[in-house]
Amino acid sequence: MDSLSDRVAALSPDRLRGIRRGIEKESLRAQPDGQLALTPHPTALGSPLTHPHITTDFSESQLELVTGAHASVEAMLAELTEIHQFVHHELAALGDEMLWVSSMPCGLPTDETIPLGRYGTSNVGRAKSVYRMGLSHRYGRRMQTISGIHYNWSLPGVDNDGYFALIRNFRRHAFLLLYLFGASPAVCSSFVAGRQHELQALGEHAMHLPWATSLRMGRLGYQSDAQATLAVSYNGLESYAASLEEALTRPYPAYEAVGIQNPGGDYNQLGTTLLQIENEFYGTIRPKRVIGSGERPLHALRERGVEYVEVRLMDLNPFEPVGIDAPTARFLDVFLLHCLLTDSPPDTPREIAALKANQHLTAARGREPGLCLDRGGEAVRLVDWAARIVAELGPIAEAMDAVHGGSAYVDAVARARQRLAAPGELPSARVLQAVRDEHGGSFVAFTRAHSLDTRARLLALDYPAAIKSRFDALAAESVQAQLDIEAADRVPFETFRREYLSSRHLRLSGAVGSDAAAA
């Protein structure tokens, strides 16, 4: 069997240069006092239905900023910074709203007051809003206001089996990312009001767990009792697709009780199956494929295979203006290559359960001295397992630096090694220390201060007129594109809904409409 160094050496410089990465970053719009902004999506930002870089996630108040796919970390972060600049300048022109820099939300109003994303009157726009209404019925709106960073990544020449091998190893080793980069160890008390939890008071209005890394990825975050019944296998495209198809077509009694429409005719959700659509499946990483107009994501995967992976467990780093820095992105590049290049045995139901337990332990107690995780049925100290993985990243980082020049990748791995030895430098530890020592135990006061500072720093950056002109044009084009979609509708919404959700579109060729995706 080839060694890891042999496999790294077998990767040609052209393939390594061919890596593409991009970011989708969610952030709540907040008022100056740290409460959720309840204003509509600013018209100056364009149409969230059709804009390629500025949209909304669950809530009307939750921006999602999207870069293209880039050949370098520098280019990706440069584009992300420009998108942030435009957004902050437009928000400043309208008033004093800011982007909330933490993954866990700001001060929230009552659940039903959190506004759902709105996407216009077209069938696909209505479907996006109805989907979000379904999420609110199924999981509550508070959970959906949690924000994060998705890191999209691809390497030329990787086939379906290769990507699924990567995904299996990623799931095995995801605890390392939660430990190194988790930055949500505390929440505003309003987030857990009326909910059962094991959090401890940090101050008058904040809750925390003393050794937590990422409450976002723990039991209080993106979790679902219904989805806990899914034991999705990642042993290959067909087994994964079959698991997902079953969840998309199996009626779920609790959701049947909610119903598709209420007595007044308004829609409660898109459907009554365990998952309304593919995007409802919560995972730390997803196999992805760019979809055609009206195409179902599962059909696209089956028809044309995996194109890239979407890493979904990264918290916003409140100490970084755009939520992530270059060393973190470079570490992700090296980590994903490691997942691809190391042996990846098939997963089993027992391992799937153990990995979920490892995730919850790391999220809630990751920095606890002596904490052990389950590795193949054996209890292993988290820090020992983490150190072994980080040690194996060295040759990969060297290969990346050989291609790109300099030592940035080796330096990124060295920083991770340093933080393993000094856990007080981890983002989660820094957040808790700052909340306690600098903000009187108030999570909202801490994040408000960093949000205001981030706003000021981004507004102070050089902002050439060409950036504003380019994004103004994109905004205008997106508004026209939405109008064109609305004008092209030819069938009632109920007909569109039934056709889009038809199970035959999970397998057979053919799009189901002339609109954008209904996620």
Short to long, in 5 Å steps from zero, the percent of alpha-carbon pairs of segment 1-83 per bin is 3, 13, 17, 15, 13, 10, 8, 6, 5, 5, 3, 1
Using the Cα gyration tensor of segment 290-335, the equivalent ellipsoid's semi-axes, largest first and to the nearest Å, work out to 30, 13, 8
In this structure, the FRET efficiency calculated for L94 and Q261 from their beta-carbon separation, with R0 = 25 Å, to the nearest 0.05, is 0.10
Dividing the surface of the Cα convex hull of segment 26-174 by four yields a projected area in nm² of 10.9
Each label sits 7 Å from Cα toward the beta-carbon; between A193 and R507 the label points are separated, in nm, by 4.9
Here the convex hull volume per residue of segment 120-198, taken over Cα atoms and given in Å³, is 197
Heavy-atom accessible area with a 1.4 angstrom probe orders D453, D325, D111, most exposed first, as D453, D111, D325
Percent relative contact order for the chain, counting Cα pairs under 8 Å at least six residues apart, stands at 24
Whole-percent carbon and sulfur contribution to the accessible surface of the chain (1.4 Å, no ligands, DNA or RNA) stands at 53
Here the averaged projected area of segment 371-519, based on the convex hull of its alpha-carbon atoms and given in nm², is 18.2
For segment 237-387, the percent of all C-alpha pairs falling in each 5 Å bin, from 0 up to the bin holding the max distance, is 2, 7, 11, 14, 17, 16, 14, 10, 6, 2, 1, 0
Of the convex hull enclosing the alpha-carbon atoms of the chain, the direction-averaged projected area in nm² is 23.3
Within the chain, the percent of DSSP beta bridges that are antiparallel, given to the nearest 5, stands at 95
Between the modelled labels at T39 and D225 (7 Å from Cα along Cα→Cβ) the distance in nm is 4.0
Quick calc: nm separation of the 7 Å Cα→Cβ label points for V491 and A201 -> 5.7
Whole-percent tail of the Cα-Cα distance distribution for segment 182-225, cut at 15 Å, equals 35
Given the candidates A397, L426, A412, the one whose Cα lies deepest towards the positive end of the charge dipole of segment 369-449, counting +1 at each Lys or Arg C-beta and -1 at each Asp or Glu C-beta, is L426
Residue-normalised value, i.e. accessible area per residue, for the chain at 1.4 Å probe, in Å², stands at 38
Computed, not fitted: 222 nm per-residue ellipticity of the chain from DSSP H runs ≥ 4 (each -39500 (n - 2.57)), nearest 500, equal to -14500 deg cm²/dmol
Computed from every Cα-Cα pair in segment 374-423, P(r) in 5 Å bins starting at 0 and rounded to whole percents is 5, 20, 24, 18, 15, 11, 5, 3, 0
Sorted largest first, the C-alpha extents of segment 313-379 along its principal axes in whole angstrom are 40, 30, 19
Toy charge model, Lys and Arg Cβ at +1, Asp and Glu Cβ at -1: segment 61-157 dipole around Cα centroid in debye, rounded to 20, equals 620
Scoring segment 277-418 by relative contact order with C-alpha pairs under 8 Å, at least six apart, yields a percentage of 19
Length-normalised contact order of segment 25-64, Cα under 8 Å, at least 6 apart, in percent, tallies to 48
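The values are calculated or read from the model by the stated rules, or taken from the named source; none is laboratory data. Predicted model, so just to flag it, every value in this text is computed and none were measured. Note that we place each Cβ from the backbone using ideal geometry, even for glycine, and neighbour counts take in every protein chain shown. Calculation scope for accessible area: heavy atoms of the full protein, side chains included, ligands and nucleic acids excluded. Shrake-Rupley method; radii C 1.70, N 1.55, O 1.52, S 1.80 Å.
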